[in-house]
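The values are calculated or read from the model by the stated rules, or taken from the named source; none is laboratory data. Keep in mind it's a predicted model, so treat the numbers as computed, not measured. In this analysis, Cβ positions are derived from the backbone assuming ideal geometry, glycine residues included, and neighbour counts consider all displayed protein chains. In case anyone asks, the SASA skips ligands and DNA or RNA and just uses the protein heavy atoms, side chains included. Shrake-Rupley method; radii C 1.70, N 1.55, O 1.52, S 1.80 Å.
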Amino acid sequence: MSRKVVLFYPPYEGEPLGAPLCLLALAAKLREKNFEPVIIDAAVEPEYRKSICEALDDALCLGISVLTGPMIRGAIEIAKLAKESHPALPVVFGGWHPTLLPDETLA
């Protein structure tokens, strides 16, 4: 069974905010438990759609961190892409938006 967990930070408008510390912290914990995290940050990976499609082929799940605002569009786009290509793959949303607005996130 695969131990790969793909973690995605969606695109947003403006200059890169810096490294996605939330995903780096999660990746560290995953490594401690012998998982294989793969971080794809759309702010610095122009071909992020392609990278995600390739990474999902043998992944255990996809985690998406999202802030409230325009970033949600990119998160939904990638979640749909993942479900179209890998219907059984669990997709997990995390971050500020899902934490503060879980019902809206599920909708």
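The rows are residues; the columns are (1) farther than 25 Å from LEU100 by Cβ; (2) out of contact with any Ser or Thr (no Cβ under 9 Å at 6 or more places or on another chain); (3) touching a residue at least 60 places away in the same chain (Cβ under 8 Å).
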| site | (1), (2), (3) |
| --- | --- |
| LEU7 | no, no, no |
| TYR12 | no, yes, yes |
| ALA19 | no, yes, no |
| LEU23 | no, no, no |
| ALA28 | no, yes, no |
| PRO46 | yes, yes, no |
| LEU56 | yes, no, no |
| GLY63 | no, yes, no |
| VAL66 | no, no, no |
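Is at least one residue of region 82-91 buried (at least 17 other Cβ atoms within 10 Å of the Cβ) and of a type in the set (A, V, I, L, M)? Within region 82-91 (the criterion being buried (at least 17 other Cβ atoms within 10 Å of the Cβ) and of a type in the set (A, V, I, L, M)), the answer is yes, since at least one residue qualifies. The set of residues in region 1-58 being open to solvent by 100 Å² or more (accessible area, probe 1.4 Å), in contact with a Lys or Arg (Cβ under 8 Å, 6 or more places away or on another chain) and not charged (D, E, K, R) consists of ASN34 alone.
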